[in-house]
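The values are calculated or read from the model by the stated rules, or taken from the named source; none is laboratory data. This one's a predicted model, so the numbers in the text were calculated from it and none came from an experiment. Virtual Cβ from ideal backbone geometry, glycine too; neighbours counted across all protein chains shown. We work out accessible area using only protein heavy atoms, side chains counted, and drop any ligands, DNA or RNA first. Shrake-Rupley method; radii C 1.70, N 1.55, O 1.52, S 1.80 Å.
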Amino acid sequence: MIFIKQTFKQVNQQITTKLIEEMKYQDNQKMGSSKDNHSHDEVQCEEGPGVCAFALTIFSLFLIIVTLPLSLFFVVKVVQEYERAVIFRLGRLLTGGARGPGVFFVIPCVDVYEKIDMRSQTFEIPPQEILTKDSVTVFVNAIMYYKVANAIHAVANVDDYSGSARLLAATTLRNVLGTLTLGDILCQRESIAKEMKETLDEGTEPWGVMVERVEVKDVRVPEQLQRAMAAEAEA
């Protein structure tokens, strides 16, 4: 019953919000034509669910009540401590943010939810062939530690947050090392990792992903260059 009351309360709030937005639009319609067009676009973008959406929601709630207690198997959901659930109701993101951890409720046939793992993940960037500033070809690989900081952004703003972050990490590694000489790459690993982390943080923030740490794992130099460096060291 508490779940049903909360749902009806949300429906009433959405109706009130829609009426207020409509009144604001009518007031703004009396202004200049340019302002009218701008206000009209904003109302269209922020328009709430329609009558059909409310009718489907109420009908689904009625079915839940009629089929109690069997419907509880489909209404009650659980997410683990390290998970969050992002809920879409008839295609729209549900207000209140991501649910969890613990028990939450959904309306069958109306709500669709997606679980997001909030734990830290590790990605080993494959060896990248990089041409340094002094025209030396090296193979460098690194490790990136990252996790989801905002579950809603990870679902709504990007198709595959994990794959996108990994591809960006490989590209960033090539871009950063391509501006350095071989000596800088071998001696300035900490500064390289710091620069990569800052760049990745800026790129992944809209996706709800936070890069915790980046480490340069290995730098492989061509065998001919290794022999030349060894001969120079012996001399």
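Ligands, DNA and RNA aside, Ser191 has an accessible area near 60 Å² when probed at 1.4 Å.
Val78 contributes about 80 Å² of solvent-accessible surface, heavy atoms of the protein only, 1.4 Å probe.
For the range 166-208, the mean projected area of the C-alpha convex hull, equal to one quarter of the hull surface, is 3.0 nm².
Tell me whether the range 86-235 comes out rounded, prolate or oblate; compute the Cα gyration tensor, take square roots of the eigenvalues as a ≥ b ≥ c, and use a/c under 1.5 as the rounded threshold.
On the way: a/c = 3.82, a/b = 3.63, b/c = 1.05.
Taking the square roots of the gyration eigenvalues as a ≥ b ≥ c, the range 86-235 is prolate.
With every protein chain kept in place and ligands, DNA and RNA left out, what is the accessible area per residue of the range 61-178? Probe 1.4 Å, answer in Å².
Numbers: 6300 Å² over 118 residues.
Heavy-atom SASA per residue in the range 61-178 reads 53 Å².
For the range 130-235, which chymotrypsin sites (Phe, Trp or Tyr not before Pro) are in a loop by DSSP, counting at most 14 other Cβ atoms within 10 Å? Mind showing how you got there, number by number?
Values: sites: Phe139, Tyr145, Tyr146, Tyr161, Trp207; in loops: none.
The qualifying sites: there are none.
Which pairs break 27 Å Cα to Cα here: Lys133/Lys217; Lys115/Lys194; Lys147/Lys217? Intermediate values should be presented prior to the final figure.
On the way: Lys133/Lys217 20 Å; Lys115/Lys194 31 Å; Lys147/Lys217 20 Å.
Over 27 Å Cα-Cα: Lys115/Lys194.
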